[in-house]
Amino acid sequence: MADTAVHPAASSEPRGPKPRKKLSRNNIIIYGTLLVVAFYYLLPLYVMVVTSLKGMPEIRLGNIFSPPVEITFEPWVKAWSQACTGLNCDGLSRGFWNSIRITVPSVIVSIVIASVNGYALANWKFKGADAFFTILIFGAFIPYQVMLYPIVIMLREIGLYGTLWGLVIVHTIFGMPILTLLFRNYFTSLPEELFKAARVDGAGFWRIYFQIMLPMSLPIFVVAMILQVTGIWNDFLFGVVYTKPDLYPMTVQLNNIVNSVQGVKEYNVNMAATLLTGLVPLVIYFVSGKLFVRGIAAGAVKG
Amino acid sequence: MESSISIRDLSLSFGAVKVLRNLNIEIGQGEFLVLLGSSGCGKSTLLNCIAGLLDVTDGQIFIQGKNVTWAEPSDRGIGMVFQSYALYPQMTVEGNLSFGLKNAGMAKDEIKKRVARAAEILQIEPLLKRKPAALSGGQRQRVAIGRALVRDVDVFLFDEPLSNLDAKLRADLRVEIKRLHQRLKNTMIYVTHDQVEALTLADRIAIMKGGNIQQLASPNEIYNKPANKYVADFIGSPSMNFLEGVIDISGAPQFNSDVMSFDISGYEFVDGPTGGPAWFGIRPEHIVTGELLANAPVQFDAEVELVEPMGSDTLVWAKVEGVPMHFRMDGQAEVRSGDQMRIGFDPARANIFNKETELRI
């Protein structure tokens with residue numbers, strides 16, 4: 001008590017954490033801008049979702065922003081299993097399974113090869129490694145269109161043109177430069193002494209890869225997976241060039257549904273089909289987001 | 001005695017950069033050799049060459065009489081401890097210790113026995129089930145040493161093992177490494193830039209600079225009879241005082257500089273008295289004050305400029321005839337900047353180097 005008497009002004013003097021104003025000008029500008037931008041990006045999505053849940057009579061009224069009066073899942077069902085694409089009238093489901101059958105092997109094969117490539121380039125400096133790497137990276141800058149036709153011929157010659165496996169090979173090759181770069185840079189960033197220690201311990205190329213490097217590399221594998229799944233799932237060009245109508249991936253089928261000229265334009269079905277196609281990359285983002293940031297190498301070097 | 005490691009004409013270049021130049025070292029059985037030098041002198045590179053982690057450009061390496069120049073690291077009979085510990089983060093301590101043995105295809109119960117023995121020696125038994133992330137720095141380094149220990153090798157290589165630890169832990173582990181060496185009697189090669197570690201641990205020290213070995217000798221000799229000015233300057237903290245001048249041997253040997261000249265009769269020249277331009281070096285701890293001046297043939301008046309009390313002793317920066325000099329005094333000494341005092345030294349403890357070649361004369 002004596003203290004407060006001696007220092008009567010103590011309570012008004014600055015002390016402890018500095019108070020922060022919640023409604024400062026900076027905050028208003030920052031959050032205001034964020035809100036506007038979020039609104040701008042979410043509006044089309046909102047329109048798509050509400051339209052896909054309306055019946056055609058309701059759409060014809062023209063109130064695209066109003067929520068559905070009567071919610072119907074009919075357009076979703078139709079988009080999935082009945083919509084017509086060219087000759088087939090079994091909806092997007094065929095394209096969905098085709099896309100799965102293309103994406104899964106492409107992602108696995110390309111990541112397996114690229115990770116071993118990156119590991120070899122980062123840790124086992126062989127003669128000409130730098131030249132090899134430069135050529136590989138150069139490949140990332142060649143426009144796809146230039147290589148479309150030569151690849152058609154090459155696939156035809158090995159008898160894989162128009163097949164799923166042909167497309168898988170194409171995706172694997174085109175994913176190689178960027179994935180190798182990704183893995184090489186990641187493996188280079190891991191402490192070199194770890195690799196040296198493993199060599200002194202008598203581990204060879206594959207043992208170091210599987211027992212030392214791989215367990216420390218989950219984050220980069222997740223990054224590579226996200227890149228490849230979204231890239232291959234969203235691919236249109238290779239899908240339409242290297243496969244036949246029976247094997248068209250989902251994106252090509254979506255285009256065929258939306259752009260079909262016969263009959264009435266069924267906006268609700270189109271919106272549902274588009275949302276269905278975009279669902280896979282979205283799910284990948286949501287599921288793997290957490291793994292993205294997790295650090296695995298903790299404790300390897302000094303803490 | 002047969003040598004444990006023999007390095008013959010070893011050279012290493014990265015492109016045009018010569019990192020190691022024609023090194024020749026013989027290391028005896030059970031010897032503790034320290035490679036000492038500032039960063040970039042090639043000491044870690046030399047260690048990596050011995051370990052087989054770098055291919056040499058020229059020369060040979062023999063370990064236990066076997067030419068291992070082309071051998072894989074794991075076939076050389078070496079264990080290595082790294083500065084960053086380099087523990088495998090996803091394995092337990094036990095996994096870390098047994099990884100090398102598993103790779104060699106050793107039987108399970110033998111692995112168990114070896115791990116238990118290493119854990120007992122290093123006192124890390126309670127930590128065996130933990131992951132490296134759950135260990136402190138000192139514990140991690142102990143595990144890293146254990147990883148070399150279990151392999152039961154003839155030669156231990158240490159690459160600045162204590163540099164990442166704080167000062168106190170470093171001193172503790174230093175003693176432990178010395179104890180380990182006395183117990184195991186393995187050959188050890190130890191790379192460091194810390195001269196205290198070098199002087200305390202080594203049987204012999206190799207001081208390196210620019211890929212060359214400047215001097216390879218016992219700590220005592222390195223400290224008292226440095227072979228050249230670089231070694232003299234590098235060893236000792238704070239570093240040696242140097243005076244520039246000319247040795248005159250027309251009469252009794254004498255050192256003359258622009259501002260002072262004194263008799264250096266007590267000094268033992270390498271090849272008898274040699275004249276000419278020279279550096280005169282005297283260590284701060286060999287400059288005396290007060291009562292000890294009685295034994296100091298050479299004496300000056302000094303003006304104190306700066307005092308650094310260090311507890312156990314006091315470091316004084318002073319000027320003698322305008323020439324800066326620093327010296328050590330007792331920790332309790334009452335000195336202030338501006339004080340005038342008498343200092344002196346015995347030329348027998350000095351080091352004199354040729355001005356041109358910087359070699360000891």
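Taken together, the values in this text are just the output of simple stated rules run on the coordinates, not laboratory data. Model, not experiment: these values are computed from the prediction. Note that each Cβ is placed from the backbone with ideal geometry, even for glycine, and that neighbours are counted across all protein chains shown.
Each residue of the range B:34-45 was assigned a 3J(HN,Hα) from its phi angle through the Karplus curve 6.51 cos²θ - 1.76 cosθ + 1.60 (θ = phi - 60°); the sequence is 10, 9, 10, x, 6, 5, x, 8, x, 5, 5, 4 Hz, with glycine and proline shown as x.
Computed from backbone phi, the HN-Hα couplings of the range A:235-244 come to 5, 10, 4, 5, x, 6, 7, 9, 10, 9 Hz, rounded to whole numbers (Karplus: 6.51 cos²θ - 1.76 cosθ + 1.60, θ = phi - 60°; Gly and Pro given as x). The slack in the chain from A:ASP90 to A:LYS125, taken as 0.36 nm per residue of separation less the alpha-carbon distance, amounts to 7.3 nm. Partner aspartates and glutamates whose Cα lies under 14 Å from the Cα of A:LYS54, excluding those fewer than 8 positions away in the same chain, are identified as A:GLU70, A:GLU74, A:GLU266. Adding -39500 (n - 2.57) for every DSSP H run of four residues or longer, then dividing by how many residues the protein assembly as shown holds, sets the calculated 222 nm ellipticity at -13500 deg cm²/dmol. Annotation: for a label point projected 7 angstrom from Cα along Cα→Cβ of B:ASP301, residues of the range B:326-361 with backbone N closer than 16 Å are B:338-344. Built from the Cα atoms of the range A:130-248, the convex hull projects on average onto 9.2 nm², one quarter of its surface area. Full extension of the chain between B:ALA71 and B:GLU285 yields a length gain of 72.3 nm, computed as 0.36 nm times the residue separation minus the alpha carbon distance.
Quick one: if you take sqrt(5λ) for each eigenvalue of the C-alpha gyration tensor of the protein assembly as shown, what semi-axes come out, biggest first, whole angstrom?
Numbers: eigenvalues 1002, 255, 121 Å².
Three semi-axes, in Å: 71, 36, 25.
Translational diffusion of the range A:234-280, estimated by Stokes-Einstein from the Kirkwood radius over alpha carbon pairs at 20 °C in a medium of 1.002 mPa s, is 189 µm² per second. Using all pairs of distinct alpha-carbon atoms, the Kirkwood hydrodynamic radius of the range A:20-72 works out to 13.3 angstrom. Apply 1/(1 + (r/R0)^6) to the Cβ-Cβ distance of A:THR33 and A:ASN63, taking R0 = 35 Å, and write down the FRET efficiency to the nearest 0.05. After rounding to 0.05, the efficiency reads 0.75. Within the range A:96-132, name every residue whose backbone N is under 20 Å away from a label modeled 7 Å from Cα of A:SER81 along the Cβ vector. Zone members listed by number: A:96-100. P(r) tail for chain A: Cα pairs beyond 36 Å make up 43% of the total. Close amide H partners of A:GLY91, meaning residues 5 or more places away or on another chain with modelled amide H under 5 Å apart, are A:GLN82, A:ALA83, A:THR85.
The share of Cα pairs per 10 Å bin across the range A:102-177, counted from zero up to the longest distance, runs 17, 41, 33, 9 percent. When each of the peptides B:7-18, B:81-92, A:236-247, B:276-287 is scored by how many other beta carbons lie within 10 Å of its residues on average, the order from highest to lowest is B:81-92, B:276-287, A:236-247, B:7-18.
Quick check for me: using +1 on Lys/Arg Cβ and -1 on Asp/Glu Cβ, what's the dipole size of chain B about its Cα centre, in debye to the nearest 20?
The calculated dipole for chain B is roughly 2080 debye.
Each 5 Å bin from 0 upward holds the following percent of the Cα-Cα pairs of the range B:210-291: 3, 13, 21, 22, 21, 13, 6, 1, 0, 0.
Of all DSSP-defined beta bridges confined to the protein assembly as shown, some 75% are antiparallel rather than parallel. Measuring between their Cα centroids, the range A:119-178 and the range B:57-126 lie 40 Å from each other. Taking every alpha-carbon pair in the range A:181-222 and binning the separations at 10 Å intervals from zero gives 28, 59, 13, 0 percent.
Stretch B:GLU334-B:SER218 to full length: gain in nm at 0.36 nm per residue minus the Cα-Cα span? It would help to have the intermediate numbers written out before the result.
Values: separation 116, 0.36 × 116 = 41.76 nm, distance 3.62 nm.
Extra length from B:GLU334 to B:SER218 when fully extended: 38.1 nm.
Near the amide H of B:LEU54, within less than 5 Å, lie the amide hydrogens of B:CYS49, all on another chain or at least 5 residues away, with H placed in the peptide plane. For the pair B:ASP263 and B:SER13, label points projected 7 Å from Cα toward Cβ lie 5.5 nm apart.
Which entries of A:LYS196/B:LYS108; A:LYS196/B:LYS185; A:LYS127/B:LYS43; A:LYS125/B:LYS229; B:LYS66/B:LYS131; A:LYS196/B:LYS43 have Cα-Cα distances beyond 28 Å here?
Details: A:LYS196/B:LYS108 25 Å; A:LYS196/B:LYS185 25 Å; A:LYS127/B:LYS43 26 Å; A:LYS125/B:LYS229 40 Å; B:LYS66/B:LYS131 37 Å; A:LYS196/B:LYS43 17 Å.
Check vs 28 Å cut-off fails for A:LYS125/B:LYS229; B:LYS66/B:LYS131.
Loop-located GluC sites (Glu not before Pro) in the range B:1-57 (DSSP state other than H, G, I, E, B) with a sparse environment of at most 10 neighbouring Cβ atoms within 10 Å: B:GLU2. Find how many whole Å separate the alpha carbon centroid of the range B:266-310 from the alpha carbon centroid of the range B:127-153. Here the answer is 47 Å between Cα centres. D by Stokes-Einstein for the range B:45-152, Kirkwood Rh over Cα pairs, 25 °C, 0.890 mPa s: 166 µm²/s.
If you take all C-alpha pairs in the range B:134-229, what percent of them are over 21 Å apart? Value for the range B:134-229: 37 percent of Cα pairs lie more than 21 Å apart. 3J(HN,Hα) couplings calculated from phi for the range B:202-216 with the Karplus curve 6.51 cos²θ - 1.76 cosθ + 1.60 (θ = phi - 60°) are, in sequence order, 6, 7, 9, 10, 10, 8, 10, 7, x, x, 10, 8, 7, 7, 10 Hz; Gly and Pro show x. Bridges between two residues of the range B:105-220, per DSSP, are antiparallel at a rate of about 50%.
With the Cα gyration tensor of the range B:237-354 giving a ≥ b ≥ c as the square roots of its eigenvalues, does the rule (a/c under 1.5 for rounded; else a/b larger than b/c for prolate; else oblate) give rounded, prolate or oblate? Verdict is prolate for the range B:237-354. Based on the reciprocal of the average 1/r between different C-alpha atoms, the Kirkwood radius for the range B:3-233 equals 18.1 Å. Summary of the geometry: the range A:14-50 and the range B:171-248, compared by the centres of their Cα atoms, lie 63 Å apart. A simple spin-label model places the labels of A:LEU148 and B:ALA104 6.1 nm from each other, with each point 7 Å out along Cα-to-Cβ.
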